[in-house]
């Protein structure tokens with residue numbers, strides 16, 4: 001599964017920078033990549049923001065993302081969480097980014113509450129999902 005989520009072919013066909021550019025990130029931003037998976041967006045986010053915190057429920061995906069970050073010489077912090085409890089300080093991040101993962105969250109109201117708790121008053125929540 002990790003290969004499907006992060007590989008050269010996907011990065012060529014769907015360059016992560018195209019979506020990241022729409023987030024209007026500042027070099028001083030602290031960004032949470034929630035549901036980071038194997039790090040497809042995590043590493044490119046680390047090139048445009050001051051601090052990246054990659055969160056995933058799966059320890060195996062966090063390991064894959066950490067390997068990719070290390071190989072790419074990207075400074076990333078990793079946290080394991082389902083979203084029900086995120087061990088970050090109140091109002092400590094500028095952007096919480098979710099790409100095709102919100103539908104996977106078991107307790108959406110609780111996760112949204114956590115996102116709003118950790119986002120600064122001027123921060124943003126960016127949720128990308130397929131719609132039909």
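The values are calculated or read from the model by the stated rules, or taken from the named source; none is laboratory data. Just so we're clear, the structure is a prediction, and the values are computed from it rather than from any experiment. As a convention, Cβ positions derive from the backbone with ideal geometry for all residues, glycine included, and neighbour counts pool all protein chains shown.
A few notes on this one:
- There is no residue in the stretch 92-103 that is at pLDDT 95 or above and exposed (fewer than 13 other Cβ atoms within 10 Å of the Cβ).
- Residue check for residue 98: under 23 Å from residue 16 (Cα atoms), touching a residue at least 60 places away in the same chain (Cβ under 8 Å) and assigned to a strand (DSSP E or B): yes
- Unique residue being at negative phi, in contact (Cβ under 8 Å) with a residue 60 or more places away in the chain and more than 12 Å from the chain's Cα centre (by Cα) when the list is 70, 64: 64
- Residues of the stretch 25-57 that are out of contact with any helix residue (DSSP H, G or I) (no Cβ under 9 Å at 6 or more places or on another chain) and farther than 12 Å from residue 97 by Cβ: 26, 27, 28, 50, 51.
- The one condition from (1) touching a strand residue (DSSP E or B) at 6+ places or on another chain (Cβ under 6 Å); (2) surrounded by 16 or more Cβ atoms within 10 Å (Cβ to Cβ) that residue 79 does not meet is (2).
- Scanning the stretch 28-60 for residues that are over 19 Å from residue 118 (Cα atoms) and either more than 12 Å from the chain's Cα centre (by Cα) or surrounded by fewer than 17 Cβ atoms within 10 Å (Cβ to Cβ) (or both) yields 47, 48, 58, 59, 60.
- Filter result for the condition that a residue is touching a residue at least 12 places away in the same chain (Cβ under 8 Å), within 22 Å of residue 28 (Cα to Cα) and either touching a strand residue (DSSP E or B) at 6+ places or on another chain (Cβ under 7 Å) or assigned to a loop (DSSP other than H, G, I, E, B) (or both), over 87, 120: 120
- Of all residues in the stretch 31-69, those satisfying the criterion of being in a strand (DSSP E or B) and touching a strand residue (DSSP E or B) at 6+ places or on another chain (Cβ under 6 Å) are 31, 32, 33, 34, 51, 52, 53, 54, 55.
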